[in-house]
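A quick write-up on the structure given underneath.
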Amino acid sequence: MTPCYGAGMPRIDTAVREIPASPDRVYAAFVDPEALCAWLPPEGMRGELSRFDARAGGGYRMVLHYADPEAAPGKHGDGSDVLEARFAELAPGERVVLEIDFDSDDPDFQGTMRMTWSVAPAAAGSRVEIRAEDVPAGVTAAEHAVGLASSLAQLAAWLAR
């Protein structure tokens, strides 16, 4: 992941991984609720969807539960992160663009983060990139790097099963 900074510019975080699966299979995991619950939560967390509507203008609500809520109170303050995601764009076989808001009273976690999950053909199968723009200040670049890399590793594992 590479954090990018500029004078007055919001932070952009990215992570990339080659995955031995076709772009169509990767894209399918982007928009399947069972797959999303399996690969998106970083290691040490589990995900739970309360709604899911994979269409432009649709979205989902996911609660990410920390395995150790005492060590990690989360953005929601109860050992969880709660996020509302809206599908801004769905380009089958290519990318999903999401607008994400965390449910938090802490101003450092407020604001809309734009995430683009892209997939393209590569020698080993697919090149998958996650790009997060307007990352809330409360999400440090270091913890985001770990989380994004973990999600991509879990995506690879999900597709390998």
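Every number in this text was worked out from the coordinates using simple rules, so none of it is lab data. Computed from a prediction, not measured in an experiment: that's the story for all the values here. A quick note on method: Cβ atoms are made from the backbone with ideal geometry, for glycine too, and the neighbour counts reach across all protein chains shown.
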How much length is gained if the chain between ALA157 and GLU143 is pulled fully straight, taking 0.36 nm per residue apart and subtracting their Cα-Cα distance, in nm to one decimal? 2.9 nm
Could you give the Stokes-Einstein D for the chain in µm² per second, using the C-alpha Kirkwood radius, 20 °C, 1.002 mPa s? 135 µm²/s
Helix 141-160 vs. the chain, principal-axis angle (Cα, 0 to 90°, nearest 10): 40 degrees
Label-to-label distance, nm, for residues given as ALA120 and ASP24 (7 Å Cα→Cβ offset): 2.1 nm
Expressed in nm to one decimal, what extension gain is obtained for the pair ARG51 and ALA67 from 0.36 nm per residue of sequence separation less their Cα-Cα distance? 3.5 nm
Can you compute the modelled spin-label distance between GLU43 and GLU84, with each label point 7 Å from Cα toward Cβ, in nm? 3.3 nm
Computed over the stretch 96-161: relative contact order in percent, which uses C-alpha pairs under 8 Å that are six or more apart: 25 percent
Go ahead and estimate [θ] at 222 nm for the chain from helices alone: -39,500 (n - 2.57) per DSSP H run with n ≥ 4, summed, over the residue count, rounded to 500. -6500 deg cm²/dmol
